[in-house]
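Participant: This structure is in structure tokens; I'll ask about it shortly.
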Amino acid sequence: MMNIFKLGLIINPVAGIGGSVALKGSDGEETQRKALALGATKQANQRAEQALQTLSDITDKFEIITVSGEMGEICCQQLNLSHQVVYQAEQPTTEDSTIAAVKAVEAKGVDLILFAGGDGTARNIASVVSEHIPVLGIPAGCKIHSGVYAITPTAAGRVTRKMILGEMLSLAEADVMDIDESLFRQGIVRAKRYSEMLVPLDLRYVQAVKNSGKEQEELVIADICAHLIDELEDDTLYLVGSGSTTKAFMDELGLESTLLGVDALLNHELIAQDLTEQQIWQLLQDHPQVKLIITAIGGQGHVFGRGNQQLSGRVISHIGKENIHLIATKAKIHQLEGRPLLVDTPDINLNKRLSGPIQIITGYKDSIIYPIAFEE
């Protein structure tokens, strides 16, 4: 008789909590307190549930080894999954909680550690996990630069399912990356490789680390910007998302911009900068005509759900897919090698509505049609 698969589950409950309130990260107790004071809500458990739901029909083939409360126990209870709690986490949870949890879970001889968090969580786990234990991340943080994460929560569940069922998967070392949040909040992205961990490799579902280095396509980007400027409508609110391409658009208008946040324009003038989700929502109530200018984020081509959590489900739904101006160079689209762009918001129904063909502005009076997809 084959031994039952032992699945370790660790959730960082405050991962990503700073995203929707424009804090550019969630590291540190002070940042987490500030995020909660600004009205942020915890999302990590919901992301973990999305991953674990893919295992609902094979629950007799695995057991979960997890941590008390929001670090795993509550998620298992919500999904009625059999589980064993092997560590009682302090409240509120800290980095030390994650490190202690890894040690306790690993001591039970798990076959895989599935964790929900961001790059900070990955760093904590990498600092103590044994090199022979496979790990897989459920993306739940503001920063997801590491190659140890699946491209969506559901994708993490699918890879886990393959391991539980004994399907053939390669195991490979993947980089654990992180950026300096203090510099990140100043608009400076400085990523650093800290270590590596062993991950189950399925190229459809596990993300590649974005290559560093700046794309040298100034003329193409200038053409995109010229097209956008020609198309600007009077008395229409324009929300401008994060990224170097959208920043170039703001530069062409001679306006300050937030490289890593969301800004607002009206009649060619900057009216608000580095907005939180609540501030964006209030602007939408005051301005009936609104459009969103956004570009794909990261090496996997995420449109929503990575680095722009201020653009929440209710904000995107209010704006409507027809009012989204998606911009990108053709070179960036070619880098996807035929893979679709991705949406990964917590709202599955919204992901479905956003999926399908979308027009991408790729130059002056030049555009292409390209698919958006999501992982169920």
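Participant: Output the residue which, of all residues in region 261-285 that are out of contact with any Asp or Glu (no Cβ under 9 Å at 6 or more places or on another chain) and under 23 Å from Gly117 (Cβ atoms), is surrounded by the most Cβ atoms within 10 Å (Cβ to Cβ).
Facilitator: Result: Glu277.
Participant: On to the next question. Among the strands (runs of 3 or more DSSP E) confined wholly to region 232-284, which include 2 or more residues that are over 24 Å from the mean Cα position of the chain (by Cα) and assigned by TED's automatic domain parsing to the domain that holds Gly313?
Facilitator: Filter on region 232-284 gives 263-266, 269-272.
Participant: Residues of region 169-194 being farther than 22 Å from Leu52 by Cα, surrounded by fewer than 17 Cβ atoms within 10 Å (Cβ to Cβ) and at pLDDT 70 or above, which ones?
Facilitator: Result: Ala172, Glu173, Lys192, Arg193, Tyr194.
Participant: Quick check on region 138-161: of everything there that is under 18 Å from Leu55 (Cα atoms) and either β-branched (Val, Ile, Thr) or free of Cβ contacts under 8 Å to residues at least 24 places away in the same chain (or both), which residue is surrounded by the fewest Cβ atoms within 10 Å (Cβ to Cβ)?
Facilitator: Ranking the qualifying residues of region 138-161, first place goes to Thr154.
So that you can scan it fast, the table gives a plain yes or no per residue for (1) modelled with pLDDT of 90 or more; (2) in contact with a strand residue (DSSP E or B) (Cβ under 8 Å, 6 or more places away or on another chain); (3) within 30 Å of Gly137 (Cα to Cα):
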position: Val199; (1), (2), (3): yes, yes, yes
position: Val220; (1), (2), (3): no, yes, no
position: Ile229; (1), (2), (3): yes, no, no
position: Thr236; (1), (2), (3): yes, yes, no
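So that you can scan it fast, the table gives a plain yes or no per residue for (1) on the phi < 0 side of the Ramachandran plot; (2) among the polar types (S, T, N, Q); (3) out of contact with any helix residue (DSSP H, G or I) (no Cβ under 6 Å at 6 or more places or on another chain):
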| residue | (1), (2), (3) |
| --- | --- |
| Thr94 | yes, yes, yes |
| Ser97 | yes, yes, yes |
| Gly109 | no, no, yes |
| Val129 | yes, no, no |
| Val135 | yes, no, yes |
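Per-residue answers, yes or no, for (1) out of contact with any strand residue (DSSP E or B) (no Cβ under 9 Å at 6 or more places or on another chain); (2) farther than 17 Å from Gln309 by Cβ; (3) crowded, with 24+ Cβ neighbours inside 10 Å; (4) modelled with pLDDT of 95 or more:
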site	(1), (2), (3), (4)
Gly8	no, yes, yes, yes
Lys34	yes, no, no, no
Thr41	yes, no, no, no
Ala44	no, no, yes, no
Thr59	yes, yes, no, yes
Glu73	no, yes, no, yes
Glu90	yes, yes, no, no
Ala101	no, yes, yes, yes
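Participant: The conditions are (1) modelled with pLDDT under 95; (2) surrounded by fewer than 20 Cβ atoms within 10 Å (Cβ to Cβ); (3) in contact with a strand residue (DSSP E or B) (Cβ under 7 Å, 6 or more places away or on another chain), and Ser68 fails exactly one of them. Which is it?
Facilitator: The number of the failed condition is (1).
Participant: Next question, about the same structure. Does Val159 count as outside any helix (DSSP H, G or I) and either within 19 Å of Lys61 (Cα to Cα) or not assigned by TED's automatic domain parsing to the domain that holds Asn351 (or both)?
Facilitator: When the stated conditions are applied, Val159 does not pass them.
Participant: Which of the residues that make up region 147-168 are modelled with pLDDT under 90 and within 18 Å of Ala44 (Cα to Cα)?
Facilitator: Ile151, Thr152
Participant: For region 272-282, enumerate the residues that are touching a residue at least 12 places away in the same chain (Cβ under 8 Å) and in contact with a strand residue (DSSP E or B) (Cβ under 6 Å, 6 or more places away or on another chain).
Facilitator: Gln273, the sole residue that qualifies.
The values are calculated or read from the model by the stated rules, or taken from the named source; none is laboratory data. Worth saying up front: this structure is predicted, and the values here are computed from it rather than measured. When we count neighbours, we look across all protein chains shown, and the Cβ atoms used for this are built from the backbone with ideal geometry, even at glycine.
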